[in-house]
Amino acid sequence: MARQRTTGLPAWVFVPALLGVVVVVLPLAGIVSRVDWGQFWPLVTSESSRQALLLSLRTSSVSTALCLLLGVPMAVVLARSQGRWLGVLRSLVLLPLVLPPVVGGLALLYTFGRRGLVGESLEAWGVDIAYTTIAVVLAQTFVSLPFLVVSLEGALRTAGRRYEVVASTLGASPTTVLRRITVPMVLPGLLSGAVLAFARALGEFGATVTFAGSKEGVTRTLPTEIYLQRVEDPDAAVALALVLVVVAIVVIGVARPGRGSL
């Protein structure tokens, strides 16, 4: 029998695991190696950079709130209901996870654009969504919502229903059970899902630029600013990319301070 480490894992497992770490970390080291540290602060504090970062933070926060408002009921329905239709519903909810972001942006544009399925009626009322800040929020919500739903549904299934059943037998209403038992029981999974949704919204590019465009101060988020600066000012693009990496690391650290539920 092959000797095993104290973790109980075979020694050979650590070799591909280490290679996987290298695949992830090495490109990040490549970004750090290209940063012009002498100009780093002026580059990341320029007017366009600050506007893009603040817009990304604002829209990501709003989209995360929308994900919570819509995603929590969706996850509860998927985890606590039964029926053949659930498989179809789950596939539709998770579709943005596998769709290219540009396709999601086109879908939003053909739905809420001026000549879109819904947008044409909205325009008659004087409401324009495409190429506005609202479009940024919708695009970010579209791609982020499945992350919260998947995280929370998994937490709900792991927690089981025994406490909910006991509360129901004691006379608690379904709303009371949901508010006093279900949500507090899966709160770590809910928080982790919300943080992941925020991180995904913060890094969203394809759907946003397709549906919202790139108007400075209105729809130009940090990922879009990085893409544009890649051609005009590569040093600025690298500096802003590092800022986005640092923010993402902080967000992941908040989501998993220890052995989290993810």
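List of remarks:
- Of the two radii for region 54-122, the radius of gyration is 1.05 times the Kirkwood radius, both from the alpha carbons; that is the Rg over Rh value.
- Taking all Cα pairs closer than 8 Å and separated by 6 or more residues, the relative contact order of the chain comes to 29 percent.
- A cut-off under 9 angstrom between Cβ atoms defines the neighbours of ASP235, and their net charge, with Lys, Arg +1 and Asp, Glu -1, is -1.
- Spin-label model distance (nm) - TYR110 vs GLU47, 7 Å beyond Cα toward Cβ: 3.9
- Gaussian network model of the chain, springs between alpha carbon atoms under 10 Å - residue of TYR131, TYR110, TYR163 with greatest fluctuation: TYR163
- Mean-square fluctuations from a GNM of the chain, with a 10 angstrom spring cutoff on Cα atoms, peak among GLY71, GLY193, GLY30 at GLY30.
- Considering only ALA201, ALA167, ALA241, the mean-square fluctuation computed in a Gaussian network model of the chain, springs between alpha carbons under 10 angstrom, is largest for ALA167.
- Here the label points at ARG80 and TYR163, each 7 Å from Cα along the C-beta direction, are separated by 1.3 nm in the simple model.
- Here is the size of region 17-82 from its Cα atoms: Rg then Dmax, 19.8, 59 Å.
- Compactness ratio for region 158-262: Cα radius of gyration over 2.2 N^0.38 Å (N = residue count) comes to 1.60.
- Phi-based couplings in Hz for region 138-149 (Karplus 6.51, -1.76, 1.60; Gly and Pro marked x): 5, 5, 5, 5, 4, 8, 8, 3, x, 5, 5, 4
Since every read-out is calculated from the coordinates, none of them should be taken as a lab result. Here the structure is a predicted model, which means the values were calculated and not measured. Cβ atoms come from the backbone with ideal geometry, glycine included; neighbour counts cover every protein chain shown.
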